[in-house]
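Visitor: Before we start, here is the structure in question, set down as structure tokens.
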Amino acid sequence: MAIAPERRQSAVAWDLPTRLFHWTLVALVLSAWVSFQYAEHLGDHRLRWHRANGVAIIVILLWRVMWGFAGTSTSRFARFLYSPVAAARYAASLVSGRTRRFLGHNPLGAYVVLALLAIAFTQATLGLFTVEHNDIAAGPLYRLVTEEATKLASRWHRVLFFYVLLPAVALHVTANVLYGVVKREPLITAMVTGRKPNEPVAFEDAQSADQPPRPLARAALLLTISAGLVLGPIYAVSGRFY
């Protein structure tokens, strides 16, 4: 069967599970902010919605770690963990205006992605030990630590979200938009469609992503395992999931 011309001019970059993870994380971070900032207006004084968002973020982040070993080639850490020297060289190429294209994450973008995942995981994990809203809203694991540790976790939970995670997300979005406008590389569109145009400059890392057998079933199994690994211990310790 002949392949349509537009299909020949693009390559598979991101699998469906990776794309669903990306946009689910975006939605959960936004929901976490809304559910905290407007908790009083929503009548959620105990921050149940906010806590559920936080636990869900931990679940899908753990899934992403596992998918980094068992997923499609462009999603695997082994394929986009570049050396700091490679990242510096890529940054130099950006400054010089030279076009270098990657099917997956470029050397500099890979470090940004890893930093975002680490910040989000740390921030959400701190939420398990926090106490907010005049001590009526508490994370499910706050009893495991001292009162001083709870206060410290609560303070850093806020600091990381408002002063580290949100600015990092804003920087990430801005960089992706600029790539689309200046470099004519539609990174945001690729995370929606899963495909990248393979012209005019060839990709340096691969020409098409290699998917494992039955990727959706594999992703669903890993998500189930991730949920069990996160929710099981939380419930065993606190008697509640969030």
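The values are calculated or read from the model by the stated rules, or taken from the named source; none is laboratory data. On a predicted model such as this, the values are computed, not experimentally measured, just so you know. Positions of Cβ are backbone-derived with ideal geometry, glycine not excepted, and every protein chain shown enters the neighbour counts. To get the accessible areas, we keep the full protein, side chains included, count just its heavy atoms, and leave off ligands, DNA and RNA. Shrake-Rupley method; radii C 1.70, N 1.55, O 1.52, S 1.80 Å.
Visitor: I'd like the full set of residues that are buried (at least 20 other Cβ atoms within 10 Å of the Cβ), out of contact with any strand residue (DSSP E or B) (no Cβ under 9 Å at 6 or more places or on another chain) and not in a helix (DSSP H, G or I), limited to segment 21-80.
Guide: Selection gives 71 alone.
Visitor: From 150, 146, 130, which residue is free of Cβ contacts under 8 Å to residues at least 60 places away in the same chain, open to solvent by less than 20 Å² (accessible area, probe 1.4 Å), among the β-branched types (Val, Ile, Thr) and farther than 17 Å from residue 55 by Cα? Spell out how you get there, then give the answer.
Guide: On the way: 146 fails: open to solvent by less than 20 Å² (accessible area, probe 1.4 Å); 130 fails: farther than 17 Å from residue 55 by Cα.
On inspection, the qualifying residue turns out to be 150.
Visitor: Next question, about the same structure. Which condition from (1) touching a Leu at 6+ places or on another chain (Cβ under 7 Å); (2) open to solvent by less than 30 Å² (accessible area, probe 1.4 Å); (3) at pLDDT 90 or above; (4) of a type in the set (A, V, I, L, M, F, W, C) is the one that residue 119 breaks?
Guide: Every listed condition holds for residue 119 apart from (2).
Visitor: Search segment 85-105 for residues being open to solvent by 20 Å² or more (accessible area, probe 1.4 Å) and not in a helix (DSSP H, G or I), and hand back the single one that is modelled with the highest pLDDT.
Guide: 105
Visitor: Of the conditions (1) part of a helix (DSSP H, G or I); (2) of a type outside the set (Ser, Thr, Tyr); (3) closer than 20 Å to residue 90 by Cα; (4) free of Cβ contacts under 8 Å to residues at least 60 places away in the same chain, residue 232 fails just one. Which one is it?
Guide: Result: residue 232 passes all but (3).
Visitor: On to the next question. Consider residue 176 against the criteria (1) modelled with pLDDT under 95; (2) buried (at least 17 other Cβ atoms within 10 Å of the Cβ); (3) more than 23 Å from the chain's Cα centre (by Cα): it satisfies all of them except one. Which criterion is unmet?
Guide: (3)
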